[in-house]
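Input: a single structure, listed below in structure tokens.
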Amino acid sequence: MTAGSPSQDAAPTVVVLTLSPALDCTLTVPRLDRGRTHRAGPAAEVLGGKGVNVARVLAALGVPSVAFGPVAREHWPTAGDAETVRWALTDTPAPLRRSIAVIEDSGRATLINETAHPHPAHVWATLRSGVEARLREPGLRVLVISGSTPDDCPADLVPGLITAAHAAGITVIVDTSATGLLAAAEAGADWVKPNDEELRELFADDADTERAKCAAAFERAFSPGTARAGARLSDTSIAVAAGGDPVLRGAGRLIAAGARHVLVSRGADGMDLVDATGPRRRARLARTLHGNPTGAGDAAVAALAWTLAAREAGIEGSGGDAGAGADAGDDVARESAGDHLGDAEIGVLLTRAVAVSAAAVLMPQAGQIHQRWRDFGHQVITEDIPDPAPGTPPAPAPAAIVSTATAAAPTTTPTPHTDGARP
């Protein structure tokens, strides 16, 4: 199928669940000055929330999906809406929360997110049963669970859906934050997609502990009074582990908790992919874009879901103009059986995620991507992730300790992704 508008007759390959839908309101101002009155153009309002944004981007990519979420019927999209999203919303008496984005001409975005109103227990039960029933249908490849986790959301909802999806052979992507992110990892989510800020906040207490351990370990490891080389080697290893990038360390914690892959978005600095083998690759756009970044992460999740759905179906892409990889055959799409991603697969996945994410920045509202998203694929740079502890001072002899403290990953010159697959 050609990337673009999906056929309404095509069976969905992706289920998208928005845990906390919202009425998205976008305002544009030249500059936001705190404590002052501003005038803005007409506000753009649309049913939104992270999962809804993902579903809309999937539609733009030509991937058939169905969108679930608790939304009062008065806010359901009407049949006349010019959208190709397939909706399976659950009615609720709870008012729809609002998410207000104020976008400045510089591209800086200020978000004000209203807390979700609680839903009756029967709404959550109906929503869960609807998603579980859809997961049993043939052709489903990926379940995306996206958005902040409301306080009244049943604790077993996300873990239960992950279990149900895996029982049906469906890959699960979870994009949430705070303890909900950790719970998804512990439930064995195949993919989690935090941003760097969310990882720092989630493991902030751990970071303080690790810094203390690092300082103590360095003091012991490099003290002239250290009696045994074995003790120094152990302390040096602790110092190296504790002194690295806190974002990558947080991603490692999610892997240790049970997640199989972590895709970390770092804003203009791109994205990192981490799995059980450690940091794999980093990707970024070769230039900085100015625009509205509020939907960039959701667009990246859509690109990830698209790539994984195609992978699970045993094909590389969604069609001819989606990238040259569609003609490359199964060897690129699935280099090996199971969860392990080969180098070429990682290149395709990261290139698509960065390119589609960049295309979202150029649009006035989240859930949209610019038609030039294919062109951005040629501007994506993939590179090795730097040594996690680049500033670690070398330990004195023996040589093995020096190697432990200073060994760096092989250096490679960043080059545009050229494995034959466009985003």
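The values are calculated or read from the model by the stated rules, or taken from the named source; none is laboratory data. On a predicted model such as this, the values are computed, not experimentally measured, just so you know. Please note: Cβ atoms are built from the backbone with ideal geometry, for glycine as well, and neighbour counts cover all protein chains shown. Calculation scope for accessible area: heavy atoms of the full protein, side chains included, ligands and nucleic acids excluded. Shrake-Rupley method; radii C 1.70, N 1.55, O 1.52, S 1.80 Å.
Note on surface exposure: HIS261, HIS340 rank HIS340, HIS261 by accessible area, highest first, 1.4 Å probe. With R₀ fixed at 60 Å, the C-beta to C-beta distance from ARG287 to GLU132 puts the FRET efficiency at about 0.85. Each label was represented as a point 7 Å from its Cα along the Cα-to-Cβ direction; for ALA256 and GLU383 these points are 2.8 nm apart. Inter-label distance, ALA167 to THR28: 4.8 nm, where each label sits 7 Å from its Cα along the C-beta direction. Taking all protein chains together and a 1.4 Å probe, the residues ASP105, ASP196 rank ASP105, ASP196 from largest to smallest accessible area.
For the range 15-78, the set of trypsin sites (Lys or Arg not before Pro) satisfying both a DSSP loop assignment and a count of at most 14 other C-beta atoms within 10 Å is given as ARG31, ARG34, ARG36, ARG39. Averaged over residues, the count of other Cβ atoms within 10 Å places the peptides 112-125, 17-30 in the sequence 17-30, 112-125, highest first.
With both labels modelled 7 Å from their Cα along Cα-to-Cβ, the ALA178 to HIS340 distance reads 3.9 nm.
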